[in-house]
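Let me begin by presenting the structure, written as structure tokens, before commenting on it.
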Amino acid sequence: MSTPLSPRFQGRYALVTGAAQGIGAATARRLAAEGAAVAVADLTAERCAPVLAEIRQAGGTAIAVDCDVSDPARVDAMVEAVIGEFGRIDVLVNNAGMTRDNLLFKMSEDDWDRVIDVNLKSVFLVSRAVQKHMVAQRSGAIVNLSSRSALGNRGQANYAAAKAGIQGLTATMAIELGPFGIRVNAVAPGYIDTPMTAATAIRVGVTPEEHQSLAAANTPLRRVGRPEEVASVVAFFASDDASYVSGQTLYINGGAR
Ligand code: NAD
């Protein structure tokens, strides 16, 4: 007779950035459902309140922390606040991100800097602050949000560069932190139905449904992805099911090339 599986994150503590909505919220819910105590981080604590309430209503444990992940002082304060509450961090999901799309010839320096800072520098800042606790513990798992756009995407020079940078950063952190029992991996989603992609649709002048239909037509599975379909892969990388997996980037894109 087989023994039932125990929740993969029972007794573990997780920090998810950009967790007020979209993929981050789905990831926070998933980790909490599997037993983790989750720090839900976003620009303001108010933005985190609905996710916090959902997790608690479902019987899980969660706290909210406010942070702009591109601000080094606020990142350090966020990590210390989480350590103050939880005492340790077993899982870090670097999920916070944003877009400011424009064709290269129209892209401002500010658009470039802000997207690099929020999507790429933030991963360096948060990981640097968290790793010292994970190194002391001699364990930890970090999952970074890259994107299919890392392979190139019209109008996203800044975002594509940031998301490609995350893949190199992931591979390098895996090399440096591996000796301390810390695994570092990345996921690279294709088109996922979130407020981010809905905002892109509105900006280019179509409805989110029209925008999704177009993306679905170019995807072998003929549909776009759901945030929960990214969260489940993030949870895999964060769990002991991936105990010998590090330095990898996995595309979650319905089979698109
Ligand atoms: P979203 O815009 O719906 O949610 C992003 C969250 O990050 C928001 O709650 C926002 O407040 C927060 N955030 C933004 N800037 C922040 C900052 N400076 N500090 C702290 N929090 C900040 O986005 P999403 O679609 O859920 O995307 C989540 C991650 O997945 C991002 O890194 C994104 O680039 C990546 N991604 C998304 C898709 C997609 O199709 N939706 C595809 C590939 C990769």
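Lys and Arg at +1, Asp and Glu at -1: add these up for the other residues within a Cβ distance under 10 Å of A64 and post the number.
On the way: positive: R47; negative: D42, E46, D66.
Net local charge, A64 excluded: -2.
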The set of residues whose placed amide H lies less than 5 Å from the amide H of G18, leaving out same-chain residues fewer than 5 positions away, is A41, D42, A96
Work through the residues other than F180 whose Cβ is under 15 Å from its Cβ and net out their charges, Lys, Arg +1 and Asp, Glu -1. +3
How large is ³J(HN,Hα) for each residue in region 184-201, as worked out from phi by the Karplus curve 6.51 cos²θ - 1.76 cosθ + 1.60 (θ = phi - 60°), to whole Hz, x for Gly and Pro? 9, 9, 9, 10, 10, x, x, 7, 10, 6, 9, x, 5, 6, 5, 5, 5, 4
Would you mind checking which residues have amide H under 5 Å from G155's amide H? H placed 1.01 Å from N; only 5 or more apart, or other chain. L104
Mind giving me the nanometre distance, one decimal, between the label points for A81 and E210, set 7 Å out from Cα along Cα→Cβ? 4.1 nm
Globularity ratio of the chain, using Cα Rg and 2.2 N^0.38 Å: 0.97
Starting from the Cα of A198, step 7 Å along the direction of its Cβ; do the same at M98; then give the gap between the two resulting points in nm. 1.9 nm
Which net charge results for the neighbourhood of V79, defined as the other residues with beta-carbon distances under 12 angstrom from its beta-carbon, given Lys and Arg at +1 and Asp and Glu at -1? +1
Using a 10 Å cut-off on Cβ atoms, rank the peptides 3-10, 147-154, 183-190 from the highest mean neighbour count down. 183-190, 147-154, 3-10
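Rule-based calculations on the coordinates, nothing more; no lab input. Here the structure is a predicted model, which means the values were calculated and not measured. A quick note on method: Cβ atoms are made from the backbone with ideal geometry, for glycine too, and the neighbour counts reach across all protein chains shown.
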